[in-house]
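Structure, as structure tokens:
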Amino acid sequence: MAYVNTAAQVRPNGLSRWINARIAEYREAARRREVYRRTLGELQSMSERELNDLGISSASLRDLARQAAEMA
């Protein structure tokens with residue numbers, strides 16, 4: 001008895017590759033936004049004294065959070 005494979009073999013074409021790339025970019029951006037948001041929140045929760053002990057100016061919190069997100 002012969003068996004027939006009726007499952008469609010789907011190979012990614014240009015459009016599906018493009019869509020998959022955009023989805024991957026979106027996920028990466030979302031992950032970095034979460035790192036930025038979490039880092040900024042943690043830094044903002046610190047007192048001025050704690051920040052000074054670490055050598056961090058409160059004016060540079062957003063820059064530090066952005067750097068953390070870029071490195072993630």
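Some observations on this one:
- Shown here: Rg/Rh (Cα atoms, Kirkwood Rh), derived from the displayed model; of the candidates [x] 1.45; [y] 1.06; [z] 1.10, it corresponds to [x].
- Within the chain, helix-based [θ] at 222 nm, where runs of 4 or more DSSP H residues each add -39,500 (n - 2.57), nearest 500: -22000 deg cm²/dmol
- Full-stretch length increase - residue 19, residue 49 - with 0.36 nm per residue and alpha-carbon distance subtracted: 6.0 nm
Bear in mind these aren't lab numbers, they're just calculated from the coordinates by the rules spelled out. Keep in mind it's a predicted model, so treat the numbers as computed, not measured.
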